[in-house]
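Colleague: Mind looking over this structure? Questions follow.
Every number here is computed from the coordinates shown, using simple stated rules; none is lab data. Given the structure is predicted, the values throughout are model-derived calculations rather than measurements. Here Cβ is always computed from backbone atoms with ideal geometry, including for glycine, and neighbour counts include all displayed protein chains.
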Amino acid sequence: MAEPRVLILGGGPAGVGAARELARRKLGRATLLEAGAHYGGNAGSFEHGGQWLDYGSHRLHPATDAAIFADIRALLGADLKDRPRHGRIRLLGKWIHFPLKPHDLLLRLDKRFALGTLRDMVAKKLPGRTNGGDTFEAVIRANLGSTIADEFYLPYAVKLWGRDPKELSGVQARKRVAAGSFGKLVRKVLNAVPGFKAPGAGRFFYPVRGFGQISEAYAADAQRLGADMRLGWRMTRIEGPASENAPWRVHAEGTGRSEVLEADYLWSTIPVTALARAMAQGVPTDVLDAAARVTYRSMILIYVQLPVEQFTEYDAHYFPGATTRITRLSEPKNYSDLGRPKGTTILCAELPCALGDAVWSMDDTSLGRLLAEDLAGCGLPLPAAPIATFTRRLPAAYPIYLTGYEEPLGRLEQWVESVPRLLSYGRQGLFQHDNTHHALAMAYGAVECMRSGRFDIAHWSELRKLYAQHVVED
């Protein structure tokens, strides 16, 4: 039996991982379309000023599935470095090491915050506590107490997702907050203590040419194995199968030409909302209405190149406070530890916003001033005038789980499942806030479902239950 033709939309980890696995296992003839200039999507990298930069702060976590990690190690070899975590959080005007360390908490933690947290821990054990409902705020208050909620997670949530935490589903808390209970929080602190440290705690893996090197390696190996990998190709329109055995027809543009590509299966890793809108016909009105009610948070990445060897020793700074507009600052040079280029470093600040709002519309110069003001307000003034300031904009950075989001998302998922030989998966395709290793797990799982030239829908349904349990690694 001839291998089925599988057309994959999107060259992020979920897309390139599936293309490579299909080709390696000879389970499908993969063609992949990636509109951008690099593979990796939001987990990609680009070069500027002799330095590789990511779209924000990314790490490969030790929690990565062993088989997937072995593949990444084989693809990258010595380019995959084992690095120590070395970040810090700005909390109530003080810097606290992240990951949390016991001595740092004892010496630096705000005393009022510490006493309030201890009081909340005791109160949690007392009877008579009421359930405040299933919102982000209610879940955080119930599990971590009012002190941590009011001083850390709730203001951070407003910045990350642009909504009152009362409007966000409790799912947002369960998927995004790894230390979602006092017990888990204590275990995270103990991970810094010899004898209590879990394997891989306080460390991460990172490629020397930026995090996107992982996706680039998968794409290169997929192409070597026979996959048709098309960088700079944009899908413009999708025609679903005209009959049960008819092919998918995808209109695409790239390298100065247009082409209509036919496939037996269409696997999409683009936002499921964009997939519904790209279909030429046959999408019910209520599905398009549902797509309009499923929303993503956008983000601007502000890059500042400085004429200094190093800005700080830390790889990342976190800013939960409401008065600081950015949420995280990373220094990519500290991730790879290459020590080059000499005499200059680049910072990357993450600024969540809404697509088309006043922040999204700001020019690079204004955004550079915003970043400088935020850092100065936190006691981290820029040491010199920037050599360059530039930005990258992510229209769909994070899914927003508004209360009741399950209804419109469920309608979208029902529609996807009803269309023959269509799969929507990955972070964007499943509207799931997760890490790169989770997206790769979905890619491997999708390929695992290709059996005897047909997709095993029942097995995919079982895998979906596992993917729904993914929790973001900090």
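Colleague: Quick one: which residues, 5 or more positions from residue 203 or on another chain, have an amide H under 5 Å from its amide H? H modelled 1.01 Å from N in the peptide plane, none for Pro or chain starts.
Modeller: For residue 203, the qualifying residues are 85.
Colleague: Determine, for 400, 302, 214, the number of other Cβ atoms within 10 Å of each Cβ, and report the residues in order from fewest to most.
Modeller: Numbers: 400 20, 302 23, 214 32.
Going from sparsest to densest Cβ surroundings: 400, 302, 214.
Colleague: I've got another one for you. Run the simple label-point estimate for residue 255 and residue 292 please: 7 Å along Cα→C-beta, distance reported in nm.
Modeller: 4.0
Colleague: Here is a follow-up. For the chain, give the magnitude of the charge dipole about the Cα centre (Cβ charges: +1 Lys/Arg, -1 Asp/Glu; no others), in debye to the nearest 20.
Modeller: Roughly 1260 debye, rounded to the nearest 20.
Colleague: Report, in listed order, any pair from 94/333; 166/465; 111/465 with a Cα-Cα distance greater than 32 Å. List each step's numbers first, then the result.
Modeller: Values: 94/333 24 Å; 166/465 26 Å; 111/465 42 Å.
Violating the 32 Å Cα-Cα cut-off are 111/465.
Colleague: Given H placed 1.01 Å from N in the peptide plane, which residues other than close sequence neighbours of residue 236 have an amide H under 5 Å from its amide H?
Modeller: Under 5 Å from the amide H of residue 236: 251, 252, 253.
Colleague: For residue 458 and residue 234, what does the FRET efficiency come to when R0 = 35 Å and r is the distance between their Cβ atoms, rounded to the nearest 0.05? Display every interim value, and only then the final one.
Modeller: Values: r = 34 Å, r/R0 = 0.97.
After rounding, the FRET efficiency stands at 0.55.
Colleague: Please list, in chain and number order, the residues 5+ apart from residue 5 or on another chain whose amide H is under 5 Å from its amide H, with Hs placed from the backbone.
Modeller: Amide H neighbours of residue 5, under 5 Å, 5+ apart: 29, 264, 265.
Colleague: So how far, in whole Å, is the C-alpha centre of the stretch 249-328 from the one of the stretch 423-474?
Modeller: 18
Colleague: Explain nothing, just the number: relative contact order of the chain, from Cα pairs under 8 Å at least 6 residues apart, as a whole percent.
Modeller: Values: 940 pairs, mean separation 113.0, N = 474.
The value is 24 percent.
Colleague: Could you work out the helix-only [θ] at 222 nm for the chain, with each DSSP H run of four or more residues adding -39,500 (n - 2.57) and the total divided by the number of residues, to the nearest 500 deg cm²/dmol? Write out the running numbers ahead of the final one.
Modeller: Working: 17 runs with 170 residues, N = 474.
Calculated mean residue ellipticity at 222 nm is -10500 deg cm²/dmol.
Colleague: Can you find, among 355, 35, 336, the residue sitting farthest towards the positive end of the charge dipole of the chain, where Lys and Arg contribute +1 and Asp and Glu -1 at Cβ?
Modeller: Working it through, the farthest residue towards the positive pole turns out to be 336.
Colleague: Calculate, in nm to one decimal, what residue 466 and residue 277 gain on full extension: separation in residues at 0.36 nm each, minus their alpha carbon distance. If you can, show how the numbers build up before the last one.
Modeller: Numbers: separation 189, 0.36 × 189 = 68.04 nm, distance 2.79 nm.
Additional length available on full extension: 65.3 nm.
Colleague: What FRET efficiency, computed as 1/(1 + (r/R0)^6) with R0 = 41 Å and r the Cβ-Cβ distance, is obtained for residue 94 and residue 365, rounded to the nearest 0.05? Walk me through the numbers on the way to the answer.
Modeller: Details: r = 32 Å, r/R0 = 0.77.
That pair, residue 94 with residue 365, gives E of 0.80.
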